[in-house]
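Derivation of every value follows stated rules applied to the coordinates shown; laboratory data play no part. Treat the numbers as computed from the prediction; the structure is a model and nothing was measured. Cβ coordinates were reconstructed from backbone atoms using ideal geometry, including for glycine residues, and neighbour counts include every protein chain displayed.
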């Protein structure tokens, strides 16, 4: 079996990454009623439609629940988008718009029923912000930001909707130019999401989606529900090799050439350990400000390659810019390794929660802890400070059977909602994120444009369904605390 190659698959995270199914018509999912889309600046990071004041009056608890989650439970003169219902001259039937720029600047587009009265209502802001009239809209902009004349694509339907591009979180898992579009129906205890992920022109993401396996093995509930992040995907496993090589090369200074090529060749060989059709489930454990990772997937059929087979026999194995040293572990079936890079020229520009693993990667004396075990036809790989405990925990679940979780049950509902060809699922636990480094929690709030009092939702659940070969239709649920 090609089991031993799986031990390196998750070093990516340690370094960082019959009848035809129904296809919803895009024009039925998206709405062109947002007139502010006629006045967009170039390359915005976020374009959003906000709840109309009529919707705020109709569902005050749903809106207030969202504001509490985002850290804006009380209105403030600087948080203009949450004051719209108070403004004279506002058009209550139309929704306001929001644009966030890549430099942090912002523009609010307010729908005007009476521009004169609305200008008067905004008069206290003219000394701090820029006000500009655009036909039936008045925009309020942070210093240095201003509306443009670009025509934006329609946003998804919903009480609120957004399109993200060139966003740091999106760029971390996708390619520059890829877009995430989501529309939400607000509920008292959370929201229901629908949207899509659209690869940019010539983006490798399109090829990855087109080459994904047909269906998930639903291994996500083999991972503990208390993990901060769990996801499962049938995207081609070779993309892990490419991403991991880039991460190691960046953080350890592995130069272009033979060292990097041998490293990527080995990692691509290692990905053959996992059955590409059934996919890989990955979890992230945030504890004491540090992240550990675990992955589980069905072992691919066939004989082990000579390159991978020697991992279980050698005390030290070198693959270009990566060294794996064997280490003793407590556990009959658990294999352990230290992973490190020789002669590093480190670039440690990573989230603080990953600092421990990246520091270990730079040191022969420390190394990143990597663990591996095989059970019941599955391979389990873990990396980071708590690698051994995570590998054994998931190994026991493989033997005893997956345990149902709230996130898994939500995913089954989303699967029925989205139809066939589910190639991606994810569950984020708000409680599980609490163990992140405090600096990373602050940065995460900023990435979601939330206030300092924001709290993570109890759960975020998302499923992606392949449509039109290279686009993912998305269905999701967010549950607040």
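Relative contact order, percent, of the stretch 33-153 when contacts are C-alpha pairs under 8 Å separated by at least 6 residues?
33
Using a Förster radius of 56 Å, what is the FRET efficiency between residue 120 and residue 332 based on their Cβ-Cβ separation? Nearest 0.05, please.
Calculated transfer efficiency: 0.15.
Report the percentage of all Cα-Cα pairs in the chain whose separation exceeds 30 Å, rounded to a whole percent.
Summing the P(r) tail past 30 Å for the chain gives 49 percent.
For the stretch 33-153, which semi-axes, largest first and in whole Å, follow from the square roots of 5 times the eigenvalues of its Cα gyration tensor?
Working from the Cα gyration tensor, I get semi-axes of 20, 17, 15 Å.
Take the alpha carbon atoms of the stretch 281-419, find their radius of gyration, then divide it by 2.2 N^0.38 Å using N residues; give the quotient.
Normalised Rg, Cα atoms only: 1.19.
What is the Cα centroid distance between the stretch 221-251 and the stretch 358-419, reported in whole angstrom?
Each part reduced to its Cα centre gives a spacing of 11 Å.
Order 333-339, 183-189 from most to least packed using the mean count of other Cβ atoms within 10 Å.
333-339, 183-189
With each run of n ≥ 4 DSSP H residues scored as -39500 (n - 2.57), what mean residue ellipticity at 222 nm is computed for the chain after dividing by its residue count and rounding to the nearest 500 deg cm²/dmol?
Taking each H run of at least 4 residues, the total per residue is -7500 deg cm²/dmol.
Defining a contact as two alpha carbons under 8 Å apart and six or more residues distant in sequence, what relative contact order in percent does the stretch 323-444 show?
Contact order relative to length: 19 percent.
Could you give the nm distance between label points at residue 288 and residue 442, where each point is 7 Å from its Cα heading toward the beta carbon?
Label-label distance for residue 288 and residue 442, simple model: 2.3 nm.
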